[in-house]
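Note sheet for the following structure.
Since every read-out is calculated from the coordinates, none of them should be taken as a lab result. Since this is a predicted model, take the numbers as computed values, not measurements. Heads up, the Cβs are rebuilt from the backbone with ideal geometry, glycines too, and the neighbour counts pull from every protein chain shown.
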Amino acid sequence: MMIVLKYLFWLLIAKPITHFILGLNVRHFYRLPEDGPCIIVANHNSHLDTLVLFNLFPLRLLRKIRPVAAADYFCKNKIIRWFSTQIMGIIPIHRGRIIKGSDPFELISASLHKGEIILLYPEGTRGEPEQMQSIKKGIHHLAKKHPTVPIIPIFMHGLGKSLPKGEFILVPFFCDIFIGNPLMWTEDADAFVAHIQEAFANLAAEHKLPHWQH
């Protein structure tokens, strides 16, 4: 019954919102992985970000897509927790101080070992509309545990205007999605993070080019 509700939500609510109310212009679709395991890293301006990322993939992969989300926000009461874990399929992560000896990436690692697709926002939280924040080094620690898993950067523009942080009314706005080439883990943490930041900057720069130059 639960999987039926999950598919109904994506077919009857999520897809109409992203494809008909918003409208998406996806560039470099061919760079998306056909299956997992892989890690999708994207900029984060809106609650719509996760809906859009889900809808880039075919319905057959729906059960394999696992967004990483803050437990203190998405599990703060029974209703939100049920929707977040059962319909969205989030991997809840506890923010704040890490307990000595614990592995904050344990659930993500287990998901990758099962061949799933992780959706991760390396900025750590939603930023201001259409402004990207610095990338945290957590992505380097995760990638170190899975050095052969590809990391796909995706830059999204427009969602921060459709439903920015702190707003609850959806404003129809055409959104551009830019998919980058796969990246792999490298040992130097600063260089690795800078490489990802550069990939986002290059994708963002494409948004400013005339369509015929893409």
Collect residues whose amide H, placed 1.01 Å from N in the peptide plane, falls under 5 Å from the amide H of R27; neighbours closer than 5 in sequence don't count.
I177, F178, I179
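R0 = 35 Å: FRET efficiency of F20 with A110, Cβ-based, nearest 0.05? Let's see the in-between values first.
Values: r = 36 Å, r/R0 = 1.02.
Calculated value: 0.45.
Please give me the summed charge of the neighbours of L142: other residues whose Cβ is under 12 Å from its Cβ, Lys and Arg +1, Asp and Glu -1.
Surrounding charge for L142 is +2.
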Just add up the charged neighbours of P182: K/R +1, D/E -1, any other residue whose Cβ is under 15 Å from the Cβ of P182.
-2
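Give me the Kirkwood hydrodynamic radius of segment 1-95 in Å, from all C-alpha pairs, to one decimal place? Kindly include the intermediate steps, with their values, before the conclusion.
Values: mean 1/r = 0.0698 Å⁻¹.
Across segment 1-95, the inverse of the average 1/r is 14.3 Å.
Suppose R0 equals 41 Å. What FRET efficiency, 1/(1 + (r/R0)^6) with r the Cβ-Cβ distance, do I13 and H195 give to the nearest 0.05? The partial results should precede the final answer.
On the way: r = 36 Å, r/R0 = 0.89.
It comes out at approximately 0.65.
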Which value in nm describes the separation of the simple spin-label points at R31 and N181, placed 7 Å from the Cα toward the beta carbon?
0.9 nm
